[in-house]
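J.: My structure is below; once you've seen it, I'll send some questions.
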């Protein structure tokens, strides 16, 4: 494991993206998001995801020259077409527009269709919260998980984000609909370990904590069984309905990697126009204090709120460098045209 | 088990509420919601909940004479104070206002503070969908579940509702944050059965499918473990922030039964102002067909979408009468001043 400074990691990823054909400024923005993801401990969508993005660009699955276009505007709602451009840039455009509308009208909704992978969904929640806004956001995706009662993967993992700004640290939820990501299954299997709780069914329908048989069957478990399954279905339907875009069953036909052609929703609300910044902070502090001060269970020494873990990892990584896998770092260095 | 017609059940509940002091029209509305809940198979908030509501009224925990009042209006957002009036009536007012705003502006948000139990959360989703609107709605509640990593109940069960209108049957998610309701634990224990999946921890911190030890420890499991815990925290924070109302830690101090003083959010969007009714139906049908036609697993003969089970139960109950527990029915008949 290497420890890389934020600046160096962002610089190298920027170079990799420029080499893939992006302009300097856009490359830098995207590199910042990948770097921040790793910095916050969300490794799956940080440095680890750079090579895959470059691969998608080369295959033509992401059009780095495409710009999003406004489809429709109605009061506090806008629909934009991502034109299969860079997912991160499209998602920032959408968040910025939703913020601009919310700044005027209290709430802004941007529905973005035909976009590509936004990488770490939480990025846009943290971004809005940094500017003092509340955000609710989600994307649909291609299938990777069976509906509850089925053995055939037909549901997307559909990350869902909620963020509330708070001076001492935003409260940010960033969760996908499966109990575990496939990445977690792989890492656990490579370590020869079991999942902490059952993560899916093997090919014969037995619930298991063994990652290998679940990877094989593709029968990962929705979080909360029928609940996560239902939530995934609603997020998918609503994303497509509001953006006049594609639902999972249509995204599945595209077959251009993860999320190409997907639909995303960005709901932003300005709490300063409601109870105000001080009130929001007081409520959020009250919630956090209640959680933090509750009695830890037998397996825990403390109880954390959503986002707290990311802030801790961030602080450590900013002080000591971002943890990076040597092989992955070498791969990105090579993409940047640097030697390891 | 008795089978009671919709009309008879609504009539008897109406009489019970009138006897408790409500006016005829409001009693009829509330009775319809309780009856519809039982009719759709959501027994916990149907007929079964009538006596408890009457008890709350008698204790002064619900003020049936209070009317909600507008606190603030800002573009597409309104904040109302429920003044601890009847939860169902307040929630309908909020949904109706959100619908009226959405009809004009595409989206309407009503944040309702200081209200009381809304009974079945799905009621308001089904209602909005019947009128062709998309709805996202939730409430916070008093504590009944530990945060992930804690053994002390400090999270509300915070039901969350999403509804998309569809001619052949709306897609409606109505889920609380715990894997199982306490009612489910009780029913399972009384049958001498185990839960289908682990439902919580016993007092020593062992994960268990035995309902009794979980009821005793009050350590019910959030759906998806850390995920449902995080979601509950965000729903609570956001409900209080947007409504300028109380969060769970403050509701806990009230100690007047379930949900008294709680905060609720009603987000309504008019899809007819976006892609239109036909487009919405096409997307929703596509999602439903994809789910319905997926291969059932070893334990299932079919795969259903959220809301489908309720529609089936409704059809059976409308044809053959609503299933009601004899004892509960006798209790409500008595409250109505009728003999069993």
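J.: Viscosity 0.890 mPa s, temperature 25 °C: give me the Stokes-Einstein translational D for chain A in µm²/s, with Rh taken as the Kirkwood radius over C-alpha pairs. Walk me through the numbers on the way to the answer.
T.: Working: Rh = 20.8 Å.
Calculated translational D: 118 µm²/s.
J.: Which whole-angstrom value gives the distance between the alpha carbon centres of segment B:145-193 and segment A:248-326?
T.: Here the two parts' Cα centres lie 22 Å apart.
J.: Here's another thing I want to ask about it. Can you sort A:61, A:118, B:148 so the residue with the fewest Cβ neighbours within 10 Å comes first?
T.: Numbers: A:61 20, A:118 28, B:148 23.
Ordered by Cβ neighbours within 10 Å, fewest first: A:61, B:148, A:118.
J.: Distances from residue A:69 to the same position in the other copies: list them in nm, one decimal, shortest first, using label points 7 Å from Cα along Cα→Cβ.
T.: 5.2
J.: Right, another one. Please state the relative contact order of segment B:251-340 as a whole percent: Cα pairs under 8 Å, 6+ residues apart?
T.: Values: 29 pairs, mean separation 9.3, N = 90.
For segment B:251-340, the relative contact order is 10 percent.
J.: For each of A:74, A:234, B:195, count neighbouring Cβ atoms within 10 Å of the residue's Cβ, then give the residues from fewest to most.
T.: A:74, B:195, A:234
J.: Let me ask another. As a check on your grasp of the helix formula, calculate [θ] at 222 nm for chain B: sum -39500 (n - 2.57) over DSSP H runs of n ≥ 4, divide by the residue count, round to the nearest 500. Write down the numbers at each step before the final one.
T.: Values: 12 runs with 148 residues, N = 340.
Value at 222 nm, helices only: -13500 deg cm²/dmol.
J.: Which of rounded, prolate or oblate describes the protein assembly as shown when judged by the alpha-carbon gyration tensor and an a/c cut-off of 1.5? Walk me through the intermediate numbers first.
T.: Values: a/c = 1.66, a/b = 1.53, b/c = 1.09.
Here the protein assembly as shown falls in the prolate category.
J.: Would you please classify the overall shape of segment B:207-340 from the alpha carbon gyration tensor, given that a ≥ b ≥ c denote the square roots of the eigenvalues, rounded means a/c under 1.5, and beyond that prolate means a/b larger than b/c while oblate covers the rest?
T.: Details: a/c = 1.39, a/b = 1.13, b/c = 1.24.
Taking the square roots of the gyration eigenvalues as a ≥ b ≥ c, segment B:207-340 is rounded.
J.: For segment B:1-23 and segment A:44-119, what is the separation of their C-alpha centers, rounded to whole Å?
T.: 52
J.: Which percent, nearest 5, of DSSP beta bridges in the protein assembly as shown are antiparallel? Numbers along the way, then the final one.
T.: Numbers: 76 of 86 bridges.
That works out to approximately 90 percent antiparallel.
J.: Pick out which of A:119, A:304, A:218 has the largest mean-square fluctuation in a Gaussian network model of chain A, springs linking Cα atoms closer than 10 Å.
T.: In the Gaussian network model the winner is A:304.
J.: Let me confirm one metric for peptide A:200-207, namely the mean number of other chain beta-carbon atoms within 10 Å of its residues' beta-carbons. Write down the numbers at each step before the final one.
T.: Values: counts 0, 3, 0, 0, 1, 4, 1, 1.
So the per-residue partner count for this stretch is 1.
J.: Please compute P(r) over all alpha-carbon pairs of segment A:1-158, binned at 10 Å starting from zero, and give each bin as a whole-number percent.
T.: 10, 35, 35, 17, 2, 0
J.: Please arrange A:248, B:313, A:301 by how many other C-beta atoms lie within 10 Å of their C-beta, fewest to most.
T.: Values: A:248 29, B:313 18, A:301 7.
Ranked by crowding around the Cβ, least crowded first: A:301, B:313, A:248.
J.: Under 10 Å, Cα contacts only: if you run a Gaussian network model on chain A, which one of A:23, A:206, A:83 comes out with the highest mean-square fluctuation?
T.: For chain A, modelled as a Gaussian network with Cα springs under 10 Å, the answer is A:206.
J.: Tell me, what is the Rg over Rh of segment B:104-244, with Rh the Kirkwood radius over Cα pairs?
T.: On the way: Rg = 16.8 Å, Rh = 16.3 Å.
Rounded to two decimals, Rg over Rh is 1.03.
J.: To continue, here is another question. Give the nm distances, rounded to one decimal, from residue B:100 to the matching residue in every other copy, measuring between label points 7 Å along Cα toward the beta carbon; shortest first.
T.: Ordered by distance, the counterparts are at 3.2 nm.
J.: For chain A, with a Gaussian network of springs between Cα atoms less than 10 Å apart, report the residue from A:212, A:121, A:108 with the top mean-square fluctuation.
T.: Per the Cα network of chain A with a 10 Å cutoff, A:212 tops the list.
J.: Once you keep just the Cα pairs under 8 angstrom separated by 6 or more residues, what percentage relative contact order results for segment B:167-283?
T.: Details: 121 pairs, mean separation 20.5, N = 117.
That works out to 18 percent.
J.: Follow-up. Classify segment B:17-108 from the C-alpha gyration tensor, please: rounded if a/c falls under 1.5, else prolate or oblate depending on whether a/b exceeds b/c.
T.: Numbers: a/c = 2.63, a/b = 1.57, b/c = 1.68.
Taking the square roots of the gyration eigenvalues as a ≥ b ≥ c, segment B:17-108 is oblate.
J.: Taking segment A:292-340, how much of its Cα-Cα pair set, in percent, is spaced more than 15 angstrom apart? Intermediate values should be presented prior to the final figure.
T.: Details: 773 of 1176 pairs.
Result for the distance tail: 66 percent.
J.: Expressed in nm to one decimal, what extension gain is obtained for the pair residue A:5 and residue A:255 from 0.36 nm per residue of sequence separation less their Cα-Cα distance? Please report the intermediate quantities before stating the final value.
T.: On the way: separation 250, 0.36 × 250 = 90.00 nm, distance 3.60 nm.
Computed gain between residue A:5 and residue A:255 is 86.4 nm.
J.: Which whole number gives the average, over all residues in A:219-228, of C-beta atoms from other chains lying within 10 Å of the residue C-beta?
T.: Numbers: counts 1, 0, 2, 2, 9, 13, 5, 6, 13, 5.
That works out to 6 on average.
J.: In addition: Would you kindly state how much longer the chain becomes between residue A:206 and residue A:193 on full extension, computed as 0.36 nm times their sequence separation minus their alpha carbon distance, in nm to one decimal?
T.: On the way: separation 13, 0.36 × 13 = 4.68 nm, distance 1.82 nm.
The residue A:206-residue A:193 span can extend by a further 2.9 nm.
J.: Using a Förster radius of 22 Å, what is the FRET efficiency between residue A:25 and residue A:338 based on their Cβ-Cβ separation? Nearest 0.05, please. Don't jump to the answer; show the numbers that get you there.
T.: On the way: r = 21 Å, r/R0 = 0.94.
Efficiency, rounded to the nearest 0.05: 0.60.
J.: So if we plug the beta-carbon distance of residue A:295 and residue A:186 into 1/(1 + (r/R0)^6) with R0 = 35 Å, what FRET efficiency do we get, rounded to 0.05?
T.: Numbers: r = 35 Å, r/R0 = 1.00.
After rounding, the FRET efficiency stands at 0.50.
J.: Okay, moving on. Using a 10 Å cut-off on Cβ to Cβ distances, tally the other chain neighbours for every residue of B:102-113 and report the average as a whole number. Present the calculation step by step, with values, prior to reporting the outcome.
T.: Details: counts 2, 0, 1, 6, 9, 10, 3, 6, 0, 3, 0, 0.
Taking the mean over all residues of the peptide, I get 3.
J.: If I take every Cα pair under 8 Å that is 6 or more residues apart in chain B, average their sequence separation and divide by the length, what percent do I get for the relative contact order?
T.: Rounded, it is 24 percent for chain B.
J.: At 7 angstrom along the Cα-to-beta-carbon line, where would the label on residue B:23 sit relative to the other copies? Give the distances in nm, shortest first.
T.: 6.4
Since every read-out is calculated from the coordinates, none of them should be taken as a lab result. Since this is a predicted model, take the numbers as computed values, not measurements. So basically every Cβ, Gly included, is an ideal-geometry build from the backbone, and we count neighbours across all protein chains shown.
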